[in-house]
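Coordinate-derived values only; no laboratory data. Everything numeric in this text was worked out from a predicted model, so none of it was measured. Every residue, glycine among them, receives a Cβ derived from its backbone with ideal geometry; neighbour counts consider all protein chains shown.
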Amino acid sequence: MQFSEYNSEWKPVPPWVEFLIKFGYEWRRNPKGARRIALLSMPCDSAAAGLVVLGAMMRDLTVPEANDMHGHYDKLLLYARQYLENCRTCDNICNPEQKQCGYSKQATGKLRSPLLPRQTVEISDQTDFEGGQIRWIQRDGRRNQALVTPFPDHAKNYHLEDEPPVIWNQPSGELSPDLYQALFGRAIIRPENLRQSYSGLCFAGRATGEIASREVCSGIKFSNGTVEHSLERLLTVHGWSDCALSRVAFFNPRTGQTDRNAALPHLVIADGDSSFLKVAGRKEFQQSDLVGVIHRTTERDSLEAVGAKMTAWQQWYDFDEEMLCGLPPVPRGISISILRRRG
Amino acid sequence: MPATTSQIFDFLAGLPEFFTERIEIASPAFSMLRRGLRTMIVRLREEESGHEANEIAQRMRDYLSEWLTVPVTYDGHILEAVKVLGDPALVERRWGADVRMAYDLACRGAQAVQLEENPVRVELRRVIRDLRSRNRTFKIYSHHRARPYFTSLFLDPADLPLLDSDFLGSVREYREAGTFDTLVKMGPLRAWGWGSAPDAIVTAPRFQNLVQLVWSGMADDPGFGYDPVSSPVEVQEPSSNSRSVPSGVLGHCIARRPAVVRRLGNSDFDAPDAALDEDEFKLFQQGVENRPGEKRRATLAVVGPQYGILYTPNSQILSFDPMAATTDSKIQLRVLGETLVEGMFVVMPVIGDVNLGADPTNEGKLSRIWKQRLREELQINREALCRILRNKGLNLQHLPGRVENWAEPATTVIHAPQQRKHFQILIDAIAIEAHPVGGVDWWQLAWNEIRHSRGEAIQDGMHEHEIVEEQLIEFLRTMLPRINGEATGKTSFGFPLPTESGLRGNVLFFKVVSIDDGFVVPGTELKMIHELNTIEQWRI
């Protein structure tokens, strides 16, 4: 596997990159434990957070339940309720924080399906919440429309507008395992996961916004000799590449918005001190594991704010020495602290 | 070109520890000056000494802090600065014999230092010549305002001059620097205030060795080299950076070899009086901590040769980037030192009940009157006016120069004394006969005009300011052709907001010349234009 950084010449993947990918990969080794919080401090500004996300994402590719299929029908029902009972009549489109409606993102009531790319689907007010039956109106663009009552299995082919499809059943367009497998040979990737989206892993980008996060990730490239991909593409964040599937949700700290209506992520990885502190304060991430990746070439104020937060957590958390001891050799320049919530 | 992450890790992998050469310099003359000033400062800053004494102490502290961290030239300025208190007998009558003794000592020291070149400058010149002769790449860490003192070290045509690229002056510049051989730093390693530097110098070195020149008695900040991962740090020896990392934490494994100390100067370090050089920063810091009142950390945007604005770190500042490609990115909220950098403009809206006339780049209505009167007085008898001002209590250093500056026509701000009471004295001295308006004294109205020009309206109406900010950004984006035109070749400009903007007031633009951190400032002084000399009092 070859590596290039900001168009430098190709060379074997350096130890710091290997370490960060492995760190992300190993995080889920004990998935059912108490909540954990880690802080990685780097000697320079880098794409380290994205590499940790890549490692965690590769681990998720090996986990059978790491997909959005389970509970998708319930998610559509919740979405229908939000649309019909709140967003459809809301006069404050769309500022959930100001309205304090409890939702994080507007529901437009529109669905899409990769099977029917030209059709529009809209949640119907005939949806039966008590009976647990969602209904939608399907239009084909030629004034034909039909009221559909989908079975849960059929509903998996439909996803919320502006979000990635839950499953990709087209002949091409699934994720390619080659690069992922080459990056981490030990990983036993489950083929079905390459055709399914997942929202359990969240990348909290830079405080300056999504564009800055993308730019940093686009500077890192991997190649297995035949195919080359940037980190930006490998992460499969929705909208960062032409890949329809997405196995990493994106939280934009600048806008305070996540790119999808999703259940709580099991892990949030924050890029930078501001992003880390922002995520730490968000209600929706209070149960998620949290990994903050910061760099030390920043102002003392910013460093102290992070240090104070870590110290405050120590009231309820202990250092997770077991996890630390299990890490691969840490390259000189990276420091790590891991906290685990007490019993 | 910044180094890539791989280059930095490769560099650190090949650097098991970095080496510090600490050169401690002593000079009996400078020690005398320090000792005298230290005693005066401690005594005069006591609350019961009175406001004027406190101000003098603050000014003395600023001078001494600068001389301890910057390679200043020993010329008449030092003696002039010390002698600002005037007649020693008067000093004794006002503040007692102990202050008089300290004053005499400081004056003797200030006279004595002029007999030879500042030994720090001699040593710095030697260090840099040595690095150059060995083809070692180096950077000097110094704040922007201190650079002329470094560049003046190499005025001899036989020497290569120091270039801008030889300096690092902020954490951002450090972050963007590549790797190099040697970092040269004058003064102790401190996270805040005079001579401060980024903690990354210790926790993320981009160099193989550090040459540090310090005056005797000055110690590094014990908490310097902070890494939030390994906090709280336990420092065993202030200058050696040896510390224990809590269990459950993996440290960054960057080690700093204990400093090799070389002592230079015509002082006998082992003599009994050698211990008299104390760490002034430690002493002054205790004073700051004990002083009441709410103060906040701040970063300085220098917006011209004389003026600056202080902002809290990480505050979102309305700004204009003339180089940005898109309309939206030209006018944006940015963070000073991060996304708001030199060359961009900070935007100061003066919204609300403000009336500076049709064009704020011209003088305000009232300032036109008093400035005209001041110019007349200066033409008649400059010395007499200064004497009257001093007698009335406006006892600033370089007073004649300052009065000349106040008489200058207003630009984007109205040049005037920084303090209200000084302005009152000035108006009183030039004898403007004007009746109160609506029960408010004329000088008070003129002072309000000055305050508004400095942005105090923002302070007064902070809440409203936040509400209108979004509206203002949208409006300014529609004004970009005018703003682009005004910004060309100017360092500051402003214009009144047209009625169609829905806002009443003015908007002022100031080009950021440099950025400096390490200030602790009363909350009321934030986001206002101050003279740089005034700002120095808040440096820690």
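For B:Q537 and B:S315, calculate 0.36 nm times their separation in residues minus their Cα-Cα distance, and state this gained length in nm to one decimal.
Result: 77.7 nm gained on full extension.
Hull surface divided by four, with the convex hull built on the Cα atoms of segment B:484-525: how many nm²?
4.9 nm²
At B:D98 and B:E46, where each label point lies 7 Å from the Cα along Cα→Cβ, what is the point-to-point distance in nanometres?
0.5 nm
For B:S165, B:S196, which order do you get if you count the other beta carbons within 10 Å of each Cβ and list the fewest first?
Ranked by crowding around the Cβ, least crowded first: B:S165, B:S196.
What FRET efficiency comes out for B:Q285 versus B:N405 if R0 is 35 angstrom and r is the Cβ-Cβ distance? Round to the nearest 0.05.
For B:Q285 and B:N405, the calculated efficiency is 0.60.
Between B:N391 and B:V122, what is the spin-label point distance in nm, taking each point 7 Å from the Cα along the Cα→C-beta axis?
4.7 nm
Say R0 is 25 Å: what FRET efficiency, to the nearest 0.05, do A:Q287 and A:D318 get from their beta-carbon distance?
Step by step, r from the Cβ atoms, then E = 0.85.
Could you work out the local net charge near B:L213, counting Lys and Arg as +1, Asp and Glu as -1, over the other residues with Cβ closer than 12 Å to its Cβ? Please report the intermediate quantities before stating the final value.
Values: positive: B:R22, B:R121, B:R125, B:R126, B:K185, B:R262, B:R263; negative: B:E21, B:E24, B:E123.
So the surrounding residues net to +4.
Cut-off 10 angstrom, C-alpha nodes, Gaussian network model of chain A. Which of A:Q196, A:Q106, A:Q145 fluctuates the most?
Fluctuation is largest for A:Q145.
Once the dipole of the protein assembly as shown is set up with Lys and Arg at +1 and Asp and Glu at -1 on Cβ about the Cα centre, which of A:P331, A:S176, A:F285 lies farthest towards its positive end?
A:S176
Would you please give the FRET efficiency between B:E474 and A:A212, computed as 1/(1 + (r/R0)^6) with r the Cβ-Cβ distance and R0 = 25 Å, to the nearest 0.05? Show your work: numbers first, answer last.
Numbers: r = 23 Å, r/R0 = 0.92.
It comes to 0.65.
Separation between the B:T137 and A:K11 pseudo-spin-labels, each 7 Å from Cα along Cα→Cβ, expressed in nm?
Label-label distance for B:T137 and A:K11, simple model: 1.4 nm.
What residue among A:I123, A:I21, A:I269 has the largest mean-square fluctuation in a Gaussian network model of chain A, using Cα springs under 10 Å?
Among A:I123, A:I21, A:I269, the largest mean-square fluctuation in the Gaussian network model of chain A belongs to A:I123.
Provide A:C44, A:C101, B:C386 in ascending order of the number of other Cβ atoms located within 10 Å of each residue's Cβ, fewest first.
A:C101, B:C386, A:C44
Which of A:L116, A:G131, A:Y83 sits farthest toward the positive end of the charge dipole of segment A:72-160, with +1 on the Cβ of Lys and Arg and -1 on the Cβ of Asp and Glu?
Going by the charge dipole, the pick is A:L116.
Nothing charged except the Cβ atoms of Lys and Arg (+1) and of Asp and Glu (-1): what's the magnitude of the dipole of the protein assembly as shown about its Cα centre? Round to the nearest 20 debye.
So the magnitude is around 780 debye.
Explain nothing, just compute: Karplus ³J(HN,Hα) = 6.51 cos²θ - 1.76 cosθ + 1.60, θ = phi - 60°, for every residue of segment B:185-199 in order, whole Hz, x for Gly and Pro.
Per-residue couplings from phi come out as 9, 9, x, x, 7, 10, 7, 10, x, 3, x, 6, 8, x, 4 Hz.
How about segment A:276-343: which trypsin sites (Lys or Arg not before Pro) there lie in a loop by DSSP and see at most 14 other Cβ atoms within 10 Å?
Here the sparse-neighbourhood loop sites are A:R342.
How big is D, in µm² s⁻¹, for the protein assembly as shown by Stokes-Einstein at 4 °C and 1.567 mPa s if Rh is the Kirkwood radius over C-alpha pairs?
Numbers: Rh = 31.1 Å.
Using the Kirkwood radius from Cα pairs, D works out to 42 µm²/s.
What per residue convex hull volume, in Å³, comes out for segment A:72-160 when only alpha-carbon positions are used?
Working: hull volume 9.2 nm³, N = 89.
Taking only Cα atoms, segment A:72-160 has a hull volume of 103 Å³ per residue.
Any idea what diffusion coefficient chain A gets from Stokes-Einstein, in µm²/s, Kirkwood Rh on alpha carbon pairs, 20 °C, 1.002 mPa s?
D, rounded to a whole number, is 101 µm²/s.
Multiplying the sequence separation of A:R35 and A:D140 by 0.36 nm and subtracting their Cα-Cα distance, what value in nm do you get?
Here the answer is 33.1 nm.
Would you work out which of B:S501, B:P522, B:T534 lies farthest towards the positive end of the dipole of segment B:495-540? Charges go on Cβ: Lys and Arg +1, Asp and Glu -1.
Most positive-ward Cα: B:S501.
Within chain A, what is the longest stretch that has no GluC sites (Glu not before Pro) placed in a DSSP loop and near at most 15 other beta-carbon atoms within 10 Å?
That would be A:162-343.
If we count other beta carbons within 10 Å of each Cβ, what is the order of B:M60, B:M101, fewest first?
B:M101, B:M60
Need the full-extension length gain, B:A324 to B:A13, defined as separation in residues times 0.36 nm minus the C-alpha distance. One decimal, nm.
Full-extension gain reported as 108.2 nm.
Starting from segment A:122-192, pick out the trypsin sites (Lys or Arg not before Pro) whose DSSP state is loop and whose Cβ has at most 13 other Cβ atoms within 10 Å.
Listed in order of number, the matching sites are A:R142, A:R143, A:R186.
At 222 nm, what value in deg cm²/dmol follows for the protein assembly as shown if DSSP H runs of at least 4 each add -39500 (n - 2.57) and the sum is divided by all its residues, to the nearest 500?
-10500 deg cm²/dmol
Just to check I understand the Karplus step: with θ = phi - 60° and J = 6.51 cos²θ - 1.76 cosθ + 1.60, what whole-Hz values come out for segment B:365-381, glycine and proline as x?
Those phi angles translate into 4, 7, 5, 4, 5, 6, 5, 4, 5, 5, 4, 4, 4, 5, 5, 5, 7 Hz.
Only loop residues by DSSP count here, and only those with at most 11 other Cβ atoms within 10 Å; note down the trypsin sites (Lys or Arg not before Pro) in segment A:30-81 that meet that.
A:K32
Over what distance in Å are the Cα centres of segment B:306-347 and segment A:138-175 separated?
First find each Cα centre; the distance between them is then 46 Å.
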